[in-house]
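Novice: This is the structure I have questions about; it appears just below.
The values are calculated or read from the model by the stated rules, or taken from the named source; none is laboratory data. Keep in mind it's a predicted model, so treat the numbers as computed, not measured. Cβ placement follows ideal geometry from the backbone for every residue including glycine, while neighbour counts extend to all protein chains displayed.
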Amino acid sequence: MGPNYSASKELPLDRELLFTLRNASTLKQKVTKVFELLRDPVYRYLFRVLDNPGEAEDLTQEVFLRLYSCLHKGQAVGNIRAWVFRVAHNLAIDQQRKKVLLEPFDSVNWGQSQDPGPGAEERVLAEEQHHRLQRALAQLSSQEKQCLELRAEGLSYQEIAEILEMRLPTLVKYLGRVIKRLVREVAHD
């Protein structure tokens, strides 16, 4: 981990990654263990950004191939999780650039677990709110969506700032404005 990364700030996953890297005997074992720990979060992030399971799967594999290649060349990686998500983020951007037409963010299945018990009025209100959320999310820029996705994957503000190459105070204000705008648009449409 980086020199400014104190033990008190570590997440359980970060500790497990650090333990893995120290105790694996070969580079292949190290990268395999990192793959096992981060494959699902990276795939989920790429899937939500690209909305294509095949592309997300391919790019997930590419991320870990690049990690292996980087470490094999002797390059140092301070924060493995942030590095992996940074590569995933860059690959997703490259993939989106290759597409002729960007598809809108599809949040139909995002967080949709309705209780069958609510009455008709509650269902209508919930559906209205869901549609407002969909419209608000569709209006977000690609960078705004990616900030939210990375945060949803549990990355810290510092890690997101590194991945998106933003200063931390700028990211905090930026993400705060995005969330406030979403809340305002969903609550007061």
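Novice: For segment 140-155, how many residues are polar (S, T, N, Q) and touching a residue at least 40 places away in the same chain (Cβ under 8 Å)?
Specialist: 2
Novice: Let me spell it out: the conditions are (1) modelled with pLDDT of 80 or more; (2) in a helix (DSSP H, G or I), and Gly74 meets all of them except one. Which number is the exception?
Specialist: For Gly74, the failing item is (2).
Novice: Sticking with this structure for a sec: Here is a list: Ser107, Ser142. Which entry is closer than 18 Å to Asn52 by Cα, surrounded by 11 or more Cβ atoms within 10 Å (Cβ to Cβ), modelled with pLDDT of 65 or more and out of contact with any Asp or Glu (no Cβ under 9 Å at 6 or more places or on another chain)?
Specialist: That would be Ser142, the only listed residue that is closer than 18 Å to Asn52 by Cα, surrounded by 11 or more Cβ atoms within 10 Å (Cβ to Cβ), modelled with pLDDT of 65 or more and out of contact with any Asp or Glu (no Cβ under 9 Å at 6 or more places or on another chain).
Novice: For segment 145-168, give me each residue that is among the small types (Gly, Ala, Ser) and either within 11 Å of the chain's Cα centre (by Cα) or surrounded by fewer than 19 Cβ atoms within 10 Å (Cβ to Cβ) (or both).
Specialist: Ala152, Gly154, Ser156
Novice: Next up: Taking the residues in segment 1-56 that are among the β-branched types (Val, Ile, Thr) and closer than 22 Å to Ser156 by Cβ as candidates, determine which candidate is modelled with the highest pLDDT.
Specialist: Val42
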